[in-house]
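A quick write-up on the structure given underneath.
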Amino acid sequence: MSRSRRINPTTAALGTSVAGGLLTSLSGAGHHVGHFFRGRFPSIAVTGMTGVGKTRLADRISRHTTPEEHAEVGSATMERRTRTTRRGRGFRFRVVPGDNAATRLSALDEVFHDDPVDGVLHVVAYGHATPRRVAGTSGSARASREELMAQEIEDWTITSHRIASMAVRRGRPVWLTIVVTKTDLFPDQIEEAVRYYSPGSGSPFAEKLDELRSLAGGASLSVDVLPMCSPDGPIQRKGRCAEQLAALEARMAQLSGHV
Ligand SMILES: Nc1nc2c(ncn2[C@@H]2O[C@H](COP(=O)(O)OP(=O)(O)OP(=O)(O)O)[C@@H](O)[C@H]2O)c(=O)[nH]1
Ligand SMILES: [Mg+2]
């Protein structure tokens, strides 16, 4: 009889008892188990130009509240949120601050290179981003819709390149959802806006999106476009905004293999 044959059963038995011990210790420590699994929640980057509604969206999905005065100036650093859903599932969000924050570039490096995400929510607002002052200046910020749309393309050019290089490097598929938010401000143009942001529509945004898709390759990047709204005030449980939130959450669960 070969030596390995005699050794194998011992190894197998040892393996079983270690696994058994691990299971016992997990079931004996409720909140530790929660913590253990939370580390493995899919990680999602929330990107988009300043004032577009990223913090508000991440807060809504994670049932978190950011103090009102914050809305005036925007985020200065990367924000982290966790959403836990039923049966121990959930998502970890990292919100990359908009272009008026000095920390933006390092935040982009973190989510797309150093600790790459599984999915991206790229937030756009069809020219309805809240204009914000450049850090360090005073007076009110003003910008026309055209200027905001142009800024949005500039922002998207940078972010889409980052997503492309991450998707190429990554060994597994990445998903991208373009979240067209603030639809409460343009209720009659929702379809038109969704078309503007959709692949192949010929808009300046879509041209960059098509470029991203051809760089990344269809198999490594999936793209969705969904409308959304989170008007100020408490979270509404009914109405179009509540339905749009539910649809976005359902799609995220699907993309993350939760259902
Ligand atoms: N009407 C309406 N207002 C919104 C919506 N989403 C966000 N806002 C408002 O738009 C402003 C900007 O939202 P934020 O979430 O702070 O934007 P941000 O993308 O995090 O901006 P930065 O932190 O500067 O990058 C805030 O006053 C929000 O209350 C929406 O769906 N509808
Ligand atoms: Mg913010």
Residue-by-residue Karplus 3J(HN,Hα) for segment 44-49, coefficients 6.51, -1.76, 1.60, Hz, glycine and proline x: 10, 9, 10, 10, x, 5
In terms of the Cα gyration tensor, with a ≥ b ≥ c the square roots of its eigenvalues, is segment 135-248 rounded because a/c is under 1.5, prolate because a/b exceeds b/c, or oblate? oblate
Once the dipole of segment 42-255 is set up with Lys and Arg at +1 and Asp and Glu at -1 on Cβ about the Cα centre, which of Trp175, Thr84, His113 lies farthest towards its positive end? Thr84
Label zone at Ile158, where the point sits 7 Å out along the Cα-to-Cβ direction: segment 204-241 residues whose backbone N lies under 13 Å: none
Report ³J(HN,Hα) in whole Hz for each residue of segment 100-107, in order, from the Karplus equation J = 6.51 cos²θ - 1.76 cosθ + 1.60 where θ = phi - 60°; Gly and Pro get x. 9, 9, 5, 8, 4, 5, 5, 5
Note, ³J(HN,Hα) from phi for segment 239-244, Karplus 6.51, -1.76, 1.60, rounded to Hz, x at Gly and Pro: x, 4, 5, 5, 5, 5
Between Ile178 and residues 5 or more places away or on another chain, the pairs with built amide H atoms under 5 Å apart involve His122, Asp224, Val225, Leu226
Mind putting a number on the dipole of segment 132-259 about its Cα centre? Charges go on the C-beta only, +1 for Lys and Arg and -1 for Asp and Glu, and I need it in Debye to the nearest 20. 500
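Every number in this text was worked out from the coordinates using simple rules, so none of it is lab data. Just so we're clear, the structure is a prediction, and the values are computed from it rather than from any experiment. We place every Cβ from the backbone using ideal geometry, glycine too, and count neighbours over all the protein chains shown.
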